[in-house]
Amino acid sequence: WLIAADAPLSRYGEAPIEKGLKDLDWVSACATGHERVIEHFAGESGGGLRLDGARARAVVPMKLFTLFSSDERALAYVRKNRKQLNDTIRRVAGCREWGVRISLNRARAAETARAGAGAKIRKTSKGTQFLLLKKKEKDLIQELRENAAMESAKSYQELARHGKDACRLPIVQGDSGTSVVLDAAFLIPALKESRFQAAVEKLSARLAKTFDVALSGPWPPYNFIGKNI
């Protein structure tokens, strides 16, 4: 099945799209509509809707602004790329995408440093305590930054064991109070989602003193459909 909708040239012709791409609100509205259609056909439970008496094994989302001049051109594209599409369907069938982001929480790291201050520091004068604690906080954060790559790789491998596939995503830094060390997507079979969520909770507890662990999803398998679909 190929799910499509009419795209009037007055709104989605070359000139309107070129103009619209400069307007983030317009792009966002298009992306939201595109995603809503994908999620509708994927079904809330991830099992997919029933099409022609059979349950969809997978819903493969195409890129935003994938446009064809006619139904015939769309079908020709599917026929031409049928092998790749079949491979993709087999890869993502029965799975959903989950995202995990791990960030260094500088404030919590500093708190950990203060809590770990020894009796030797506490016995000094207030002015000396302040300077020593600041140095300890700075040293700890620097150490955490140096070890971030190692922790990122360890956490990624730890979670990837629960999925069918996984990929690292480009890191985009957020506010000044955190520093992202891992942004990754995991393709998780429906039957293993509970175990994966439990693994993320366990990881979050292990890193709680200095890192924030955020879980998002489930999503359609946007990051596992191949670059050319």
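Would you mind telling me which numbered condition in (1) over 30 Å from Arg82 (Cα atoms); (2) in contact (Cβ under 8 Å) with a residue 40 or more places away in the chain Ala198 fails?
All conditions are met except number (2).
Among what's in the stretch 79-94 and is open to solvent by less than 40 Å² (accessible area, probe 1.4 Å) and among the polar types (S, T, N, Q), pick the residue that is farthest from Lys164 (Cα to Cα).
Checked the stretch 79-94; the qualifying residue farthest from Lys164 (Cα to Cα) is Asn81.
Condition first: assigned to a helix (DSSP H, G or I), under 30 Å from Cys167 (Cβ atoms), at pLDDT 90 or above and not basic (Lys, Arg). Can you find one or more residues in the stretch 15-22 that meet it?
Within the stretch 15-22, one or more residues are assigned to a helix (DSSP H, G or I), under 30 Å from Cys167 (Cβ atoms), at pLDDT 90 or above and not basic (Lys, Arg).
Kindly evaluate Leu182 against the criterion of being part of a strand (DSSP E or B) and modelled with pLDDT of 95 or more. Even if it seems obvious, please write down each step before you answer.
Values: part of a strand (DSSP E or B): yes; modelled with pLDDT of 95 or more: no.
Criteria not met by Leu182.
Collect the residues in the stretch 126-179 that are at pLDDT below 65 and more than 17 Å from Arg108 (Cβ to Cβ), keeping them in residue-number order.
Lys126, Gly127, Thr128, Gln129, Phe130, Leu131, Leu132
How about the stretch 185-229: which of its residues are open to solvent by 50 Å² or more (accessible area, probe 1.4 Å) and in contact with a Cys (Cβ under 6 Å, 6 or more places away or on another chain)?
If the condition is that a residue be open to solvent by 50 Å² or more (accessible area, probe 1.4 Å) and in contact with a Cys (Cβ under 6 Å, 6 or more places away or on another chain), then Asn223 is the only one that fits.
Can you say whether Leu67 is modelled with pLDDT of 60 or more, touching a strand residue (DSSP E or B) at 6+ places or on another chain (Cβ under 7 Å) and open to solvent by less than 90 Å² (accessible area, probe 1.4 Å), as far as the supplied structure shows? I'd like the intermediate steps shown before the answer.
Values: modelled with pLDDT of 60 or more: yes; touching a strand residue (DSSP E or B) at 6+ places or on another chain (Cβ under 7 Å): no; open to solvent by less than 90 Å² (accessible area, probe 1.4 Å): yes.
The answer is no for Leu67.
Suppose we keep only residues that are over 17 Å from Phe68 (Cβ atoms) and among the small types (Gly, Ala, Ser) within the stretch 11-25. Which one would you say is nearest to the chain's Cα centre (by Cα)?
Here the answer is Gly20.
So, in the stretch 61-84, how many residues would count as being in contact (Cβ under 8 Å) with a residue 40 or more places away in the chain and over 30 Å from Pro16 (Cα atoms)?
Looking only at that region, the number is 1.
Checking the condition open to solvent by less than 100 Å² (accessible area, probe 1.4 Å) and modelled with pLDDT of 95 or more, which residue from Ala31, Ala58, Ala7, Ala76 passes? I'd like the intermediate steps shown before the answer.
Values: Ala31 fails: modelled with pLDDT of 95 or more; Ala58 fails: modelled with pLDDT of 95 or more; Ala7 fails: modelled with pLDDT of 95 or more.
Going through Ala31, Ala58, Ala7, Ala76 in turn, just one is open to solvent by less than 100 Å² (accessible area, probe 1.4 Å) and modelled with pLDDT of 95 or more: Ala76.
Considering (1) farther than 11 Å from Val100 by Cβ; (2) at pLDDT 90 or above, say which one Lys209 fails and leave the rest.
Result: Lys209 fails condition (2) only.
The values are calculated or read from the model by the stated rules, or taken from the named source; none is laboratory data. Quick caveat, the model's predicted, so the values are computed rather than measured. With ideal geometry, Cβ positions are generated from the backbone for all residues, glycine too; neighbour counts draw on all protein chains shown. Only protein heavy atoms, including side chains, enter the accessible area calculation; ligands, DNA and RNA are left aside. Shrake-Rupley method; radii C 1.70, N 1.55, O 1.52, S 1.80 Å.
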